[in-house]
Amino acid sequence: MSIAKELRTIETALDDYRELLDTIPDDVFAETPAGGGWSSAEVYSHVLQATLRSSIAIERCAHSNCPPTKKGLSLQGHFVLLFGRFPPVKIKMMDIMNIEKISKEDARNLIIKCRKRIEDIAPIIAKAPADIRYEHPRLGMLNAKQWFKFTRIHLLHHLKQLDQIKRKGLV
């Protein structure tokens, strides 16, 4: 895995989120799509909060600030990291995820915060020990490089979700 390539892809994805945000009319940003699903506001809230949480996990792994474990990836974790995408099945979000409708200004600020965190942690990933892992709720125990790859996969996954919302006519 090339950390520089992952970083460029993450930065490009954050640019795409920022550009897309400017195209979404204010009055429909928080509107739930016809037929259900998440609003654009909820997608932005989820993906950006998850990116920040992932950056914390990366930092903990890089600084060996995790409880010791011999556990590794779950089966789903192996799939996601091997193929670079989520399985093509809908998964109901866990109750622990606090998905809220945020404002466009909150989304802009979170994009800036995510970019800063990613830029700050990228240099420490290469030296992070591969055997130090922090738990992801679905994917199992990930090390710093795996968390970084997950961040990229997750950002790109939700860009597709926003595209689906757009095709439903709510963007």
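The values are calculated or read from the model by the stated rules, or taken from the named source; none is laboratory data. As the structure is a prediction and not an experimental result, all values here were calculated from the model. Here the Cβ positions follow ideal geometry from the backbone for every residue, glycine too, while neighbour counts run over all protein chains shown. With ligands, DNA and RNA removed, areas are computed over all heavy atoms of the protein, side chains included. Shrake-Rupley method; radii C 1.70, N 1.55, O 1.52, S 1.80 Å.
Some notes on this structure:
- Shape analysis of segment 22-62 yields a ratio of the Cα radius of gyration to the Kirkwood radius, Rg/Rh, of 1.19.
- Under the simplified labelling scheme, the LEU159-ALA4 pair shows an inter-label distance of 2.0 nm, with each label point 7 Å from Cα along Cα→Cβ.
- Among the listed pairs LYS5/LYS113; LYS70/LYS113; LYS5/LYS149; LYS101/LYS149, those beyond 22 Å (Cα-Cα): LYS70/LYS113; LYS101/LYS149
- Accessible carbon and sulfur surface of segment 1-111 relative to its total accessible area, %, 1.4 Å: 54
- In the full protein context, the chain carries 55 Å² of accessible surface per residue, based on a 1.4 Å probe and ignoring ligands, DNA and RNA.
- Local net charge near SER54, Cβ-Cβ under 11 Å (Lys/Arg +1, Asp/Glu -1): +4
- Two-site label geometry, ILE56 and HIS78: point separation in nm, points 7 Å out along Cα→Cβ: 3.0
- Chain lengthening between ASP106 and VAL28 when straightened (0.36 nm per residue, less Cα-Cα): 26.5 nm
- Screening the chain for whole DSSP H helices of 15 Å or more along their axis (Cα) with average Kyte-Doolittle hydropathy at least 0.0 returns 40-62.
- Summarising the amide proton neighbourhood of LEU73: residues at separation of 5 or more, or on other chains, whose placed amide H is nearer than 5 Å comprise MET141.
- D_trans [Stokes-Einstein, Kirkwood Rh over alpha-carbon pairs] for segment 1-72, 25 °C, 0.890 mPa s, µm² s⁻¹: 164
- Whole-angstrom gap from segment 100-160 to segment 1-74, using each part's C-alpha centre: 6
- Options [x] 20.8, 63; [y] 15.7, 58; [z] 16.1, 49 - which one matches Rg and Dmax of the Cα atoms in Å as calculated here: [z]
- Relative contact order computed over the chain (Cα-Cα under 8 Å; 6+ residues apart), in percent: 41
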